[in-house]
1. Please verify whether Val157 is modelled with pLDDT of 50 or more, β-branched (Val, Ile, Thr) and over 22 Å from Ile47 (Cβ atoms), treating the condition exactly as stated.
2. Which of the residues belonging to the stretch 3-24 are out of contact with any Ser or Thr (no Cβ under 9 Å at 6 or more places or on another chain), surrounded by fewer than 17 Cβ atoms within 10 Å (Cβ to Cβ), among the charged types (D, E, K, R) and at pLDDT 95 or above?
3. Sort through Val97, Val115, Val93 and tell me the only one that's in contact with a strand residue (DSSP E or B) (Cβ under 8 Å, 6 or more places away or on another chain) and touching a residue at least 40 places away in the same chain (Cβ under 8 Å).
4. Show me the strands (runs of 3 or more DSSP E) entirely contained within the stretch 1-88 in which 2 or more residues are in contact with a Phe, Trp or Tyr (Cβ under 6 Å, 6 or more places away or on another chain) and closer than 12 Å to Leu135 by Cβ.
5. Give the residue that is nearest to Gly74 (Cα to Cα), with candidates limited to residues of the stretch 97-118 that are at pLDDT 95 or above and outside any strand (DSSP E or B).
6. Return the residues of the stretch 119-148 that are in a loop (DSSP other than H, G, I, E, B) and closer than 12 Å to Val84 by Cβ; say none if nothing qualifies.
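The values are calculated or read from the model by the stated rules, or taken from the named source; none is laboratory data. All values derive from a computational prediction rather than experimental measurement. All Cβ positions, even for glycine, are placed from backbone atoms using ideal geometry, and neighbour counts span all protein chains on display.
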Amino acid sequence: MTTEAMMVGSDKVVFIHYTLSDAEGQVIDSTVGDEALAYLHGHANLIAGLEQALEGRAEGEFFEVVIAPEDAYGARDPGGLIEVPRSALSEEVEIEVGNQVQAMGPEGRMEFTIVSFDDEMVTLDGNHPLAGMTLHFEIEVGTIREAHADEIKHHRVHPAGHHLMVADSSADLADDDQLDNANTNDEASDEIVDAVFPDTPSKSA
């Protein structure tokens, strides 16, 4: 008796291998030869265009998809460039083009990429590195399973073995929330903020 392959759909945990390339065919990222990426479908774990392309796919299916910027990381925003004094950055920051800087601004934590600098000023780009790019994906769909109740509640895949051996983990949800809160607090205290910007004016044209 054959078992019908499970399909990608809402509240399914899906494992995929992917290769991401740019419009010129240059590979940007890939899981091939490494662990598959696990995500919870229907919970915005992936960029919108990729999640839409995965909908209804079956285990073992291989496909290619091209995703426009508006369904990926959006268009590049020229206003995302800011210029700050070198003194605004922590002494621990290695000022090199391409390096990432985490900062606290009026809208909370932000990530920037160093795009240029001189002896006095550093130009930072707040756009996602893939903003404005058309993305080419090669996807292989791996194992698909039903998500556990607490995975759906938290909108993410839990590590292997976390509640997955329990038929009904509802009794563990309070403990799980406490663990999540503790981890969040620990992460917040451990994260290094490289700069604090009271405002983030755009770079002058």
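1. Against the criterion (modelled with pLDDT of 50 or more, β-branched (Val, Ile, Thr) and over 22 Å from Ile47 (Cβ atoms)), Val157 does not qualify.
2. Within the stretch 3-24, Asp11, Glu24 meet the criteria.
3. Details: Val97 fails: touching a residue at least 40 places away in the same chain (Cβ under 8 Å); Val115 fails: touching a residue at least 40 places away in the same chain (Cβ under 8 Å).
Every option except Val93 fails the conditions.
4. 12-21
5. For the stretch 97-118, the residue satisfying everything is Val97.
6. Applying the first criterion (in a loop (DSSP other than H, G, I, E, B)) to the stretch 119-148 yields 119-120, 126-134, 147-148.
Within the stretch 119-148, Glu120, Gly126 qualify.
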